[in-house]
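Structure record follows, encoded as structure tokens.
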Amino acid sequence: MIQKLLPTSTAGSLPKPAWLAEPEKLWSSWRFQGDELLEAKRDALRLSLQDQQQAGIDIVSDGEQTRQHFVTTFIEHLSGVDFERRQTVKIRDRYDASVPTVVGPVSREKSVFVEDAKFSLQQTNHPLKWALPGPMTMVDTLYDNHYKSRRELAWEFAKILNEEAKELEAVGVDIIQFDEPAFNVFFDEVNDWGIATLQRAIEGLKCETAVHICYGYGITANTEWKKTLGSQWLQYEQFFPQLQKSKIDIVSLECQNSHVPMELIELIRGKKVMVGAIDVATNTIETPDEVANTLRKALQFVDPDKLYPSTNCGMAPLPRLVARDKLNALSTGAEIVRGELTL
């Protein structure tokens, strides 16, 4: 249980040091191998946690320092998926990517992130949030040559994710987040089986659970797509009513510099809400007052004890200094509003 009012957090990834991987790039290759790579990842993880704490972030994360990508790094530890047999597919219904192929029944032979989580917990006394890819987004980042059914494959992934989540909970992770950007695209599937498979992924968990639904990293394919969405982005309206009825504790959404009508938050009344108050698609640093204004608007539709100031999405493609300054702005802006609420 997070006790602080308006606890700040990040949505997911943070930039990697240039000595670990090529900066400002997704799916960037590692600069080391073997034991040297393991040591370098741990150094980056330690540094990321330190940066978050120094910036005043209340709920820290691993910043995905040990992962090449928020989806594929989890998948590469599963059997039944062949990374040598790759296909180019359109993911999120908007850009082409070279992805691995499902060639047989998928299964998880051992934990994927538990050792990284243990290490992270040793480095901090802050609450720790850990992100996993959601079932639908995993399905949408693969070429399936076995199940031939997005629904069936999603249910299999949900079971696997539940196993991983329970092990993360057991070592002390406070919040487990499932990243589902695909929810903002495939509305029929979300309401048909997407939220149901998410519920299966959180089944039996006692720690807090979150789902992160954004409009994507600040990469060209996403920014160009956003230009086609018009003056009001109403995607959340398609599935928030059903999500409000789910057992998920926290909903993470995009607000800063977006065309999402803030009143859509009313559709998930009763949930805790991670309000994206930092735009990850620009290098421009928000002022604390801009962050505070976003949070004040959100407070019209979510109770103060349920508002978690955050970033719109992951910041992996940003320069490290930009990301650091944005985190400082987030925590300072939240402190302004926190002060107003406690007067």
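The values are calculated or read from the model by the stated rules, or taken from the named source; none is laboratory data. If you're wondering where the values come from, they're calculated on a predicted model, not measured in any experiment. Here the Cβ positions follow ideal geometry from the backbone for every residue, glycine too, while neighbour counts run over all protein chains shown.
Quick grid of which residues meet (1) modelled with pLDDT of 95 or more; (2) more than 19 Å from ILE175 (Cβ to Cβ); (3) out of contact with any Asp or Glu (no Cβ under 9 Å at 6 or more places or on another chain):
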position: ALA277; (1), (2), (3): yes, no, no
position: ILE285; (1), (2), (3): yes, yes, no
position: LEU307; (1), (2), (3): yes, no, yes
position: GLU340; (1), (2), (3): yes, yes, yes
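Just one of the listed residues (VAL102, VAL112) is outside any loop (DSSP other than H, G, I, E, B), among the β-branched types (Val, Ile, Thr) and touching a residue at least 40 places away in the same chain (Cβ under 8 Å), namely VAL102. On the stretch given as the stretch 328-343, residues that are closer than 23 Å to THR223 by Cα and crowded, with 24+ Cβ neighbours inside 10 Å total 1.
Is there a residue being small (Gly, Ala, Ser), part of a helix (DSSP H, G or I) and either surrounded by fewer than 22 Cβ atoms within 10 Å (Cβ to Cβ) or without any contact (Cβ under 8 Å) to a residue 12 or more places away in the chain (or both) anywhere in the stretch 136-157? Steps first, please.
Filtering the stretch 136-157 for residues small (Gly, Ala, Ser) gives 149, 154.
Adding the requirement that they be part of a helix (DSSP H, G or I) leaves 154.
If we keep only those that are either surrounded by fewer than 22 Cβ atoms within 10 Å (Cβ to Cβ) or without any contact (Cβ under 8 Å) to a residue 12 or more places away in the chain (or both) as well, we get none.
No, because not a single residue in the stretch 136-157 is small (Gly, Ala, Ser), part of a helix (DSSP H, G or I) and either surrounded by fewer than 22 Cβ atoms within 10 Å (Cβ to Cβ) or without any contact (Cβ under 8 Å) to a residue 12 or more places away in the chain (or both).
Within the stretch 308-320, residues that are over 17 Å from THR220 (Cβ atoms) sit with their Cβ atoms under 8 Å from residues that are among the charged types (D, E, K, R), at 6+ positions apart or across chains, in these pairs: TYR308/LYS272; THR311/LYS326.
Okay, residues lined up against (1) touching a residue at least 12 places away in the same chain (Cβ under 8 Å); (2) of a type in the set (Gly, Ala, Ser); (3) not in a loop (DSSP other than H, G, I, E, B):
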residue: ILE2; (1), (2), (3): yes, no, no
residue: PRO7; (1), (2), (3): yes, no, no
residue: GLY12; (1), (2), (3): yes, yes, no
residue: LEU37; (1), (2), (3): no, no, yes
residue: ALA44; (1), (2), (3): yes, yes, yes
residue: LEU49; (1), (2), (3): yes, no, yes
residue: GLU64; (1), (2), (3): yes, no, no
residue: PHE70; (1), (2), (3): yes, no, no
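When LYS25 is tested against the conditions (1) free of Cβ contacts under 8 Å to residues at least 60 places away in the same chain; (2) among the basic types (Lys, Arg); (3) more than 23 Å from LYS118 (Cβ to Cβ), the lone failure is (1).
Checking the condition modelled with pLDDT of 95 or more, under 21 Å from GLU22 (Cβ atoms) and not polar (S, T, N, Q), which residue from GLY56, GLY63, GLY80, GLY104 passes? Step through it out loud before you land on a result.
On the way: GLY56 fails: under 21 Å from GLU22 (Cβ atoms); GLY80 fails: under 21 Å from GLU22 (Cβ atoms); GLY104 fails: under 21 Å from GLU22 (Cβ atoms).
Exactly one residue qualifies, and that residue is GLY63.
Filter the stretch 249-296 for residues that are charged (D, E, K, R) and either assigned to a loop (DSSP other than H, G, I, E, B) or more than 17 Å from ALA329 (Cα to Cα) (or both) and give the result. Hits for the stretch 249-296 are ASP249, GLU263, GLU266, ARG269, LYS271, LYS272, ASP279, GLU286. Taken together, the residues in the stretch 1-30 that are surrounded by fewer than 16 Cβ atoms within 10 Å (Cβ to Cβ), closer than 11 Å to ARG67 by Cα and not aromatic (Phe, Trp, Tyr) amount to 2. Only residues that are within 15 Å of LEU321 (Cα to Cα) and touching a Gly at 6+ places or on another chain (Cβ under 7 Å) were counted across the stretch 8-51, and they come to 3.
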